[in-house]
Every structure is written in C-alpha cells, then in structure tokens.
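What follows is a short report on a single structure.
The values are calculated or read from the model by the stated rules, or taken from the named source; none is laboratory data. Just so you know, these numbers come straight off a predicted model, no measurement behind them. Because the Cβ atoms are built from the backbone with ideal geometry, glycine has one as well, and the counts that use them run over all protein chains shown. For the accessible areas, the whole protein counts, side chains as well, though only heavy atoms, and no ligand, DNA or RNA atoms are used. Shrake-Rupley method; radii C 1.70, N 1.55, O 1.52, S 1.80 Å.
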Amino acid sequence: MNLVVDADRVLADLKELHERHGGPGGARRLAWSEDWLAAREWFQGKLDELDGITVDRDEAGNVWAELRSPRDSPPGRTPAEGTRPPGPAFPGFVIVGSHLDAVPSGGWLDGCLGVLAALGVLRALAESGEAPPVTVRLVDWADEEGARFGRSLLGSSAAAGTLDPDDVRDLKDAQGTRLEDALAACDVDLDNAGASRSRLEGALAYLELHIEQGPVLLDTGRLASAVSGTFGDERYLITFKGQSAHAGSTPMRLRKDSLAAAATAALEIREVGIRHDGVCTVGAMTADPGVITAIAGSTEMMLDLRHLDAGTLATMLEENLDACRRAAEKFDCEVSHRRVFGATPTPFHPKLIQIAREAVDAAGGGDGDPIPSGPLHDATEVGRLVPTVMIFAQSDPPLSHTAIEDSPEDALRVAIEAYGRTVGGALEAVANGELQEARA
Ligand SMILES: [Zn+2]
C-alpha cells in the first residue's frame with residue numbers, strides 16, 4: 001500500500017509547534033506542566049481538522065487518536081475468542097506515534113518529529129477517501145523524557161505493564177512537588193495508570209520515527225536508517241575505598257589511593273566497550289575528601305553500559321566489575337558496587353526492520369544496515385509486547401536535549417517519506433498475516 005505523507009505539512013507543523021511552544025531558548029514542553037498541556041491542546045486542534053478520527057486519553061495520560069477500518073469490529077477492540085466475525089473482518093490495529101514532551105530548553109525535533117509525522121500518516125489516510133485496511137491509532141506518549149522527575153518512558157511503561165507506582169510515587173521535582181501529585185493535577189491517578197495496558201491489546205505493530213540524537217548517520221553520510229533495536233542498559237555506582245592521608249608525607253608505595261584505582265578501572269572499562277562493540281561510560285567520579293594535599297580515601301564512580309545483545313551486555317558487565325576488582329587490588333583498596341538502573345535490550349521485529357530498510361532506500365536514503373539505538377525510546381517499552389520498528393533521521397549537529405539540536409531538511413524529508421512507506425508496508429503485512437506468522 002502506497003502511503004504518501006505530505007512532508008511539507010509535517011515540516012510546517014513542526015515549525016508552528018516550535019514557534020508556539022519553543023523558540024530561541026528551546027522547547028517549552030516539560031511533561032505535566034501548563035506548557036505541555038497547551039502544546040497538547042494545539043495538537044488536539046490539528047487532529048480535530050481531520051474527518052473520521054476519534055481522540056481520547058488513557059489512564060496513564062497518553063493521548064490516542066483512532067482512524068478505524070470498517071473491517072475492525074467491534075469498535076477498536078479485539079473480539080473475545082470465538083466471537084470474531086467470519087469473513088473480511090480484521091480486528092486489531094497498527095500504532096504510530098512518539099512523544100510531544102521535551103526536556104527544558106530541548107530541541108525542535110526530539111519526539112515531536114515522530115508525533116507530527118504520525119499525524120501526517122493519519123492525514124494521508126483520512127484525506128485519501130479510502131478506509132485503511134487495518135485500524136490505525138496514533139499515540140502521544142506522556143512523559144517520555146522523565147526530565148522533571150527522573151523517570152523516563154513513564155506513559156509507555158505504564159501501557160507495557162513495567163511501571164510500578166511505588167517506585168515512582170515519591171520522586172520529587174526541583175520544587176519539591178511529588179510525581180504522584182503532579183500527575184493528579186493533570187487528572188492522572190498513578191495507581192490506575194497500569195489500566196492503560198488495555199490499549200496495547202490487539203496491537204499488531206508499533207512504528208516510530210525519531211531523530212538519531214547521535215553521530216553515526218552523519219559520520220557515514222546517511223540521511224536516514226532503519227533501527228535494529230534499542231540497547232539494554234545497566235547503570236552502577238561503584239565505590240573504591242582506600243585511605244585518606246597526607247599528600248606530602250606518604251610515599252607512593254605506601255598509599256591506598258582510591259582515585260588511582262578508579263581511574264585505572266575507568267581506562268579498562270573503555271577497552272571493554274571497544275572490544276565488544278558496545279558502549280561503556282564512566283560519566284562521573286567523586287573523590288573524597290577532594291583536597292589538593294590529600295590522597296583520596298574513597299572514590300565513587302558512575303558507570304553506564306549498553307549493548308543490543310543481552311548476553312554480550314552481561315559479559316561486558318562481568319568484565320567491567322572484574323576490572324574494578326583488579327584495579328582495587330593493585331592500589332590496595334576495597335571495592336563495592338550497587339545497581340541503580342537496568343533495562344533489557346529490545347531487538348525490533350525482523351520483518352518490520354526489512355520493510356523499514358526498503359522504505360528508507362525507496363525514499364532516497366540509500367540501502368544501509370540498520371543501526372541500533374543507544375538511547376531508550378517509547379519503542380523500547382512497546383517493543384517488548386508488540387512487533388516494533390523505528391526509523392532514524394540524521395542529526396546534524398549530532399546533539400540532542402539542547403536548543404541547537406537540528407537535522408538537515410533533506411534528511412527530514414527522506415525520513416518522513418520512509419516512515420509513510422513503512423506504515424504502508426506494515427499495514428499490508430499485517431493485513432496479510434505476515435507479522436503474526438513471523439512472530440510465531
Ligand atoms: Zn525522544
């Protein structure tokens with residue numbers, strides 16, 4: 001099915017959103033804020049311009065818009081087993097979307113490119129005059145960024161069933177407001193957010209367009225790419241304990257230098273990332289007492305490691321912790337670690353990856369290997385339950401979560417066209433039962 005998204009209108013919508021809810025200082029769409037609600041109201045106005053679309057909000061605050069296929073019966077839901085009408089009825093739906101929320105002073109593309117391209121998909125279908133072969137739902141996930149309370153993917157993890165309200169209810173923002181109260185102010189009952197899970201029942205595919213937010217496509221001169229999955233992520237706090245002592249009186253051979261141990265480990269950790277084609281980052285070290293004339297008695301190190309393959313991620317973690325133990329021993333220190341976050345990798349659906357790859361090629365982006373995503377996305381959560389793929393547009397400069405985030409216009413056009421083609425290909429594939437077979 002040839003689905004042509006009007007890229008001019010998507011770009012015009014993006015610019016309008018940025019003028020109204022961004023500006024030279026960057027995006028003003030922090031989740032659960034007045035600004036965010038206003039941006040969503042603007043978006044609702046765009047949806048209202050389309051014929052045959054119904055819009056509502058789920059228990060986690062995610063906004064859904066539906067264009068129903070006449071083959072989908074009863075309305076928007078999978079019939080219970082045994083009640084499925086015979087013949088051409090086709091229950092189930094394909095989801096398109098991303099998130100409108102942004103980090104403070106963020107860029108004009110992160111998240112909203114995917115939402116407004118998904119709007120372009122609904123617009124193309126609604127204006128074609130022909131009913132889609134499969135119901136299409138657009139979603140604007142609530143609080144993807146986690147910028148205010150530190151918990152990313154809030155709305156999509158509620159829908160995927162991986163959000164535990166007790167883990168997040170008492171998180172506080174910079175003003176001391178609790179997460180649970182901020183949600184309540186937006187009419188979201190945290191304890192009932194998990195009921196949004198019903199929104200994924202009957203979902204046949206999830207398709208998300210996003211900017212890459214990194215340098216790989218720019219480095220290889222590619223405008224867009226299919227994405228193979230999102231990395232699993234392990235985060236640890238590692239503490240090296242030695243002995244604080246006078247920097248003048250303590251000979252080198254008699255020291256227990258925790259900072260030297262941590263620094264040695266950090267360099268080895270770098271090599272682990274290179275060796276396994278993953279990423280390992282020591283993002284911060286805090287030495288105590290932090291005095292120019294004292295040996296550091298204890299040093300805390302923040303470690304983040306990511307890989308698309310769960311087995312390799314586990315190996316990398318083992319090697320990193322081993323590097324820490326050996327470095328501690330070398331400098332006569334002790335080491336302990338604490339896991340602060342973990343997410344398993346989400347490899348995307350092979351058939352959808354193939355469709356997206358061909359779509360990028362057909363849209364003029366060239367035929368290149370799909371790339372993995374280092375950042376987590378809503379697709380990470382949805383992809384655990386529903387066949388999923390993403391498309392990335394090149395970022396140039398290769399930066400995100402900053403007002404200078406940008407992508408070349410030709411990259412955006414190729415990515416938007418490829419996205420439309422991917423949705424068309426996915427609708428065809430699910431209507432033919434291809435994804436369901438590939439999954440079984
Ligand atoms: Zn994003």
Yes or no: the stretch 179-193 includes at least one residue that is without any contact (Cβ under 8 Å) to a residue 24 or more places away in the chain and among the β-branched types (Val, Ile, Thr).
no
Top-ranked residue in the stretch 80-128 [being away from the ligand (no atom under 16 Å from the Cβ) and among the aromatic types (Phe, Trp, Tyr); ranked as modelled with the lowest pLDDT]
Phe90
Complete set of residues in the stretch 356-402 that are small (Gly, Ala, Ser) and within 16 Å of the ligand (Cβ to nearest atom):
Ser373, Gly374, Ala379, Gly383, Ala393, Ser395, Ser400
Per-region count, the stretch 241-273, residues in a helix (DSSP H, G or I) and more than 20 Å from Arg325 (Cα to Cα)
1
Given the structure, is Gly214 under 26 Å from Leu305 (Cα atoms) and either in contact (Cβ under 8 Å) with a residue 12 or more places away in the chain or in contact with a Pro (Cβ under 8 Å, 6 or more places away or on another chain) (or both)?
yes
Please name all residue pairs, on different chains or six or more residues apart, with Cβ atoms under 6 Å, provided the first residue is in the stretch 141-159 and is under 21 Å from Trp64 (Cβ atoms) and modelled with pLDDT of 95 or more and the second residue is of a type outside the set (A, V, I, L, M) and away from the ligand (no atom under 15 Å from the Cβ).
Ala142/Gly61; Gly155/Gly61; Ala158/Gly194; Ala158/Ser196; Ala159/Ser196; Ala159/Arg197; Ala159/Arg199
Please go through the stretch 202-240 and pick out each residue that is in a loop (DSSP other than H, G, I, E, B), modelled with pLDDT of 95 or more, open to solvent by 20 Å² or more (accessible area, probe 1.4 Å) and not β-branched (Val, Ile, Thr).
Gln213, Pro215, Gly221, Arg222, Leu223, Phe231
In the stretch 145-189, residues that are open to solvent by 40 Å² or more (accessible area, probe 1.4 Å), among the hydrophobic types (A, V, I, L, M, F, W, C) and within 16 Å of the ligand (Cβ to nearest atom) total 1
Of these, Gly283, Gly194, which one is more than 16 Å from the ligand (Cβ to nearest atom), out of contact with any Phe, Trp or Tyr (no Cβ under 6 Å at 6 or more places or on another chain) and not in a helix (DSSP H, G or I)?
Gly283
Any hit, the stretch 210-218, residues being touching an Asp or Glu at 6+ places or on another chain (Cβ under 6 Å), under 29 Å from Gly424 (Cα atoms) and not β-branched (Val, Ile, Thr):
yes
Odd one out for Arg306, checked against (1) crowded, with 20+ Cβ neighbours inside 10 Å; (2) over 19 Å from the mean Cα position of the chain (by Cα):
(2)
